[in-house]
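Below you'll find the structure, written out as C-alpha cells, and then a few comments.
The values are calculated or read from the model by the stated rules, or taken from the named source; none is laboratory data. This one's a predicted model, so the numbers in the text were calculated from it and none came from an experiment. Cβ placement follows ideal geometry from the backbone for every residue including glycine, while neighbour counts extend to all protein chains displayed.
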Number of protein chains: 2
Amino acid sequence: MGDLHVWAPEGVGEITEGDDLAAVLLAAIDDLRDGDVLVVTSKAVSKAEGRVRPGTRDDWLAGETTRLVARRGPTRIVRNRLGLTMAAAGIDNSNVEAGSVVLLPEDPDRSARELREAVAGRRDVNVGVVVTDTAGRAWRDGQTDIAIGAAGLVVAESFAGRVDAHGNELAVTAPAVADELASAAELAQGKLGGRPCAVVRGRADLVLPTGEHGTGAAALIRPDGADLFGWGAREAVIRAVAGAAADRGPFGSPVSAEELADALHDAGLAARVTHADGVTADGSRADAVRIVAFAHGWEVDGSDTDLRLRPVSP
Amino acid sequence: MGDLHVWAPEGVGEITEGDDLAAVLLAAIDDLRDGDVLVVTSKAVSKAEGRVRPGTRDDWLAGETTRLVARRGPTRIVRNRLGLTMAAAGIDNSNVEAGSVVLLPEDPDRSARELREAVAGRRDVNVGVVVTDTAGRAWRDGQTDIAIGAAGLVVAESFAGRVDAHGNELAVTAPAVADELASAAELAQGKLGGRPCAVVRGRADLVLPTGEHGTGAAALIRPDGADLFGWGAREAVIRAVAGAAADRGPFGSPVSAEELADALHDAGLAARVTHADGVTADGSRADAVRIVAFAHGWEVDGSDTDLRLRPVSP
C-alpha cells in the first residue's frame, strides 16, 4: 500500500480463438514479479476462448439472460447467466469485427484460474489475476471497469474486528479491491483498443499463495433476491400487482409484519401492528393495503376499518 | 495513458477545523507536476471545513437526506442533499473521535475548486482534483471509492463519434474516469487512516487548462427521476399503490401508452395498443391493470374485456 504502479503494454496482437492467452500477453510484458496483479479484459479472454459470434447483441440477448431487471425505451438491464446485472447482458459489439459480438467468457473465474496457472508455468511468478468488464451503475452516469473473474486474489478486504486510531469499529467497510484494481487498470488501458491487459504492482498483500485461488469475483455479486434493487422501480410495481392478481407474491424473501407495517406507514397508509404475527390497517384504503399486502406474502381478512393480515399459506 | 503511478503519502497529520488543507497535504507531497491528479478523501475535506458533529449517524440522517430510497432492517439507503444515493446519506463515523460523525462537505465540487486554486497558488502547478467518498453499489457486495467532487478534470470520457479499429462506433461508452481515479487512489490509501490523499500521475490528458474547472463530479449523478432504480423494489410497489389510492402517480416522468403496453405484456397481463394515445387490455385482470395503469398516470375506462386507458387529466 502507499505506492502503486499500473501499466498497460502496447503491442499485444489481435487475439483469436485458440490463442494461448498467457503466451500472447506475456510476450508484451517484460517485467512481472511475485505479488503483481495481471488484469485482462474479458474481451481478450472471450476471443481466446472462441466466444465471438456472428449477429447483433439482440440476437444473443435471450441466451445470456436469466431475467429482465428493467427496461426503458431500447435499454434492457438484465441479470445475466453469471449473475451480473448489466445492460445487454454484457454482450459487446466494440473492438470486434463489424457484424459480430463477443459473449462474456463461460466462467470468468475459471478463465482467471487458468491464466494464473499458465503464467506461473511460463514465468515461475505468483500473480493475482483479474478479468474485467465495463459496467454501468444504478445511480451514476458513465461506466467503470469491474472484476467479473479473479484468481489468487483477495477480492474484498475485510476489516471486521479492526478499529481505527480513535477506537471506532470498521466492521462494515469491505473495499471491493478487485473492482478497484479493474478500474485502475482501465485508466491505463483506455477504450480504444490495443491494450487488453495491465499489470498492477504495489498490492502484493492482496495476492494469495500459489495454489490458493480464493473466492473468485463471483463472491462480489449479491445473490439474487438479497439486494434491494433487483427490479427497476416500474418493473417492481408491475410485477407486484401482476403477482397479486395471479395469486403469487413477487419477492422471494419474506417480509415481517413489522416491516410491512413500517412500509405502509412510510407510504402514508395507516397501519399498526396489533400482535406478533399480524397487522391492522385503519382507514378506507383497504384495497390498496390488500394488494400491497398480498404482494408481500400476506393475506387479508376483515373489513375496511379492521383489516387483519396473516402470512399467505403455502 | 499506458502508464500510471499512484502514491499516497504517509505523514499527513490529523486535520482539524480551519486547517489550510492545501498546505497540510502539500507538506507531505514532495513531487507534484502539471497534469497530476490530487485525490483527497471527503473526510479530510470535511474536517478542514468544520463538518464534524457530535452524535450518531441517526441523529444527522434526516438533515442530510432528501428522500428514502430503500430500507431493509436497520439499513437506510437514501438520496442525500448532494443527489448521492448512499447508505446513511454518506455520514461517516470512522476515523473520527468516538461519539462524533463527519458530514460530507457542503459542496464537494466547490471544495475541489478551492483546493485546486490553493495548490496552484502554493506550487504553481496545474493539477486536477478529486474529492472521494466510499459508496456501496446496488448489485455488488463491498464498496469502492467514487468521486463526489472534482475540479479541473474530465470526469467522464466521451467517445461519441469515435470508432474502434474495426469501424464500430463507441458512442455509448463513457468511462467515468473520475470514479476510476478515486478507486485507484483508494488502493494506495487503504482504509486504516493516515493517508488522506493520493497523487495519480499518468493521465494528464484528463486535466483541464488552468482556469477551467469543468463540470465537477455532480455531472456523474443521474438526475432524480432519470434512473431506473430510484426506489428499492419494495418501496416502488408501496409507493405506486399508495399513489393510486391517493389519486396521484408515483413517477415523475410520463410513461407512453406503448411502454405501458409492453410492460403489462412482460408481466403476463394481456394488453395491446389500439391507437396512438391509448391501450386496450384483454382478459379478466382489470383490477390489476387499473391500478398499474393509474400508478403510471393513465385512467381507465371500459369493462374487463375492453379496457381503455387515457392519460390522467391534470
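Listed values, structure above:
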read-out: Flag for B:T173 being in contact (Cβ under 8 Å) with a residue 12 or more places away in the chain, within 7 Å of another protein chain (Cβ to nearest Cβ) and among the polar types (S, T, N, Q); value: yes
read-out: Some residue of the stretch B:140-150 being of a type in the set (D, E, K, R) and in contact with a Ser or Thr (Cβ under 6 Å, 6 or more places away or on another chain); value: yes
read-out: The lone exception for A:V199 - which of (1) in a helix (DSSP H, G or I); (2) more than 13 Å from B:E186 (Cβ to Cβ) it fails; value: (1)
read-out: Pairs with Cβ under 7 Å, 6+ apart, first in the stretch A:224-241 and within 18 Å of B:G225 (Cβ to Cβ) and at the interface with chain B (Cβ under 7 Å from one of its Cβ atoms), second part of a helix (DSSP H, G or I) and at pLDDT 70 or above; value: A:F229/B:A233; A:W231/B:A233; A:A233/B:A236; A:A236/B:A233; A:A236/B:A236; A:V237/B:A236
read-out: Strands (runs of 3 or more DSSP E) contained entirely in the stretch B:1-105, each with at least 2 residues that are in contact (Cβ under 8 Å) with a residue 12 or more places away in the chain and within 13 Å of another protein chain (Cβ to nearest Cβ); value: B:3-7, B:37-41, B:65-72, B:75-80, B:85-87, B:100-102
read-out: Residue in the stretch A:161-173 that is touching a Leu at 6+ places or on another chain (Cβ under 6 Å) and of a type outside the set (D, E, K, R) present; value: no
read-out: Residue satisfying condition, being under 27 Å from the mean Cα position of the chain (by Cα), among the basic types (K, R), over 28 Å from A:G193 (Cα atoms) and facing another protein chain (nearest Cβ under 9 Å), within set A:R137, A:R162; value: A:R162
read-out: Exclusive hit being within 16 Å of B:L181 (Cβ to Cβ), modelled with pLDDT of 95 or more and more than 7 Å from chain B (Cβ to nearest Cβ), set A:A178, A:A182, A:A150; value: A:A182
read-out: Per-region count, the stretch A:126-149, residues in contact with a Lys or Arg (Cβ under 6 Å, 6 or more places away or on another chain) and in a loop (DSSP other than H, G, I, E, B); value: 2
read-out: Filter result for B:A240 (in a helix (DSSP H, G or I), modelled with pLDDT of 75 or more and closer than 21 Å to A:W139 by Cβ); value: no
read-out: Residue tally, condition touching a residue at least 12 places away in the same chain (Cβ under 8 Å) and either surrounded by fewer than 20 Cβ atoms within 10 Å (Cβ to Cβ) or not assigned by TED's automatic domain parsing to the domain that holds A:R113 (or both), over the stretch A:199-216; value: 9
read-out: Residue, nearest to B:P209 (Cα to Cα), within the stretch B:96-119, restricted to residues that are of a type in the set (V, I, T) and more than 22 Å from the chain's Cα centre (by Cα); value: B:V119
